[in-house]
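> The structure follows.
The values are calculated or read from the model by the stated rules, or taken from the named source; none is laboratory data. Here the structure is a predicted model, which means the values were calculated and not measured. Positions of Cβ are backbone-derived with ideal geometry, glycine not excepted, and every protein chain shown enters the neighbour counts. For accessibility, only protein heavy atoms count, side chains too; no ligands or nucleic acids. Shrake-Rupley method; radii C 1.70, N 1.55, O 1.52, S 1.80 Å.
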Amino acid sequence: MLRVLAVDDEEPALEELLYLLRSDPRVHSAEGALSATEALRRIGGALGTGAGADAAAVDVVFLDIHMAGLTGLDIARLLAGFTRPPLIVFVTAHEGFALQAFDLKAVDYVLKPVRRERLAEAVRRVAELVTDRTAPVLDAAADQVPVELGGVVRFVAVSDIAYAEAHGDYARLHTADGSHLVRVPLSALEERWRARGFVRIHRSHLVALDRIDELRLDAGSMSVRVGAAELQVSRRHARALRDRLMHRPGR
């Protein structure tokens, strides 16, 4: 749920933008500012003012560019000095500032008149980035893994994880109670968890050896059963898996 500040020195345009933002279910709160001074005071006021302040009380600022006094580009440059600056989306009637906007690491550049669908796309992009910022970061060397569930961080023991599945730069951890997405690539888990008895069986899967119930061979292909899941073993990893299984404790 996003905390939004919209900045525009034309009140009708600001009210329209706020109406659209407040209609989006991903927006928790949307406040408005009619000047750069008011905007900077609102952003910095929650946790201190000036460069170095933590602007976490605002997730994103929707900024007009042409305003009396400081422009939206000026505000974005000032916000870059905060310890944790809010994300920036420019909302403007002028196409010619897009390059400068993206040089300032703007998330999006929305042209006026603002269409509901186009604004929703900008909100979606912001929401994804805010989720990345706030997701628990996994320390793969730890005995427990922090996972987010319904806005609450809980801890899952590595010993409870049966296997991990690659999801781009993330990994999904599977336990008897369900699955959890964590912000760490599978390759990092493979390196850190090798000594804990995990083995790579495929580019998409890392498995705890002591959770493998069956090793299956079928017409030259290999798979393992881990609880109710049947996972393919790639040819590249087949020999290493057999060797690890042969030498695991108790064999």
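> Where does the charge balance sit around G32 when Lys and Arg score +1, Asp and Glu -1, over other residues with C-beta under 10 Å from its C-beta?
Neighbour charge sum, excluding G32 itself: -4.
> Related question: Summarise the long-distance tail of P(r) for the stretch 179-223 by giving the % of C-alpha pairs beyond 13 Å.
Values: 624 of 990 pairs.
The calculated P(r) of the stretch 179-223 puts 63 percent of pairs beyond 13 Å.
> Can you check what the net charge comes to around Q100, using other residues whose Cβ is under 12 Å from the Cβ of Q100 (Lys, Arg +1; Asp, Glu -1)? If you can, show how the numbers build up before the last one.
Values: positive: R77, K105; negative: D74, E95, D103.
Result for the local shell: -1.
> Starting from 0.36 nm per residue, how many nanometres of slack lie between H247 and M1 once their C-alpha separation is accounted for?
Fully extending the segment from H247 to M1 adds 83.6 nm.
> Just grab the label-to-label distance for T83 and D160, each label 7 Å out from Cα along the Cβ direction, in nm (one decimal).
3.2 nm
> Compute the Rg/Rh shape ratio of the stretch 148-251: radius of gyration over Kirkwood radius, all on alpha-carbon atoms.
Taking Rh as the inverse mean 1/r over Cα pairs, Rg/Rh reads 0.97.
> Could I ask something else about it? Using the heavy atoms of the protein chains and a 1.4 angstrom probe, tell me the accessible area per residue for the stretch 75-228 in square angstrom. Before the final figure, lay out the partial values.
Numbers: 8350 Å² over 154 residues.
Counting only protein heavy atoms, the per-residue value for the stretch 75-228 is 54 Å².
> Here's a follow-up. Report the charge-dipole magnitude of the chain in Debye, nearest 20, computed about the Cα centre from +1 at each Lys and Arg Cβ and -1 at each Asp and Glu Cβ.
With only Lys, Arg, Asp and Glu charged at Cβ, the dipole is about 1520 debye.
> In nm, give the distance between the simple-model label positions of A93 and E15, each being 7 Å from the Cα along the Cα-to-Cβ direction.
My value for the distance between the label points is 1.7 nm.
> What helices in the chain pass both tests, a Cα length along the helix axis of 15 Å or more and a mean Kyte hydropathy of 0.0 or higher, using whole DSSP H runs?
The qualifying helices are 11-22.
> With the dipole of the chain worked out from charges on the C-beta (+1 for Lys and Arg, -1 for Asp and Glu) around the Cα centre, which of G220, F198, G168 lies farthest toward the positive end?
G220
> A follow-up question, please. Over the chain, what percent of the accessible surface lies on carbon and sulfur atoms, probe 1.4 Å?
51 percent
> OK, next. Over all directions, average the projected area of the Cα convex hull of the chain and note it in nm².
Its Cα hull, projected and averaged over all orientations, spans 17.2 nm².
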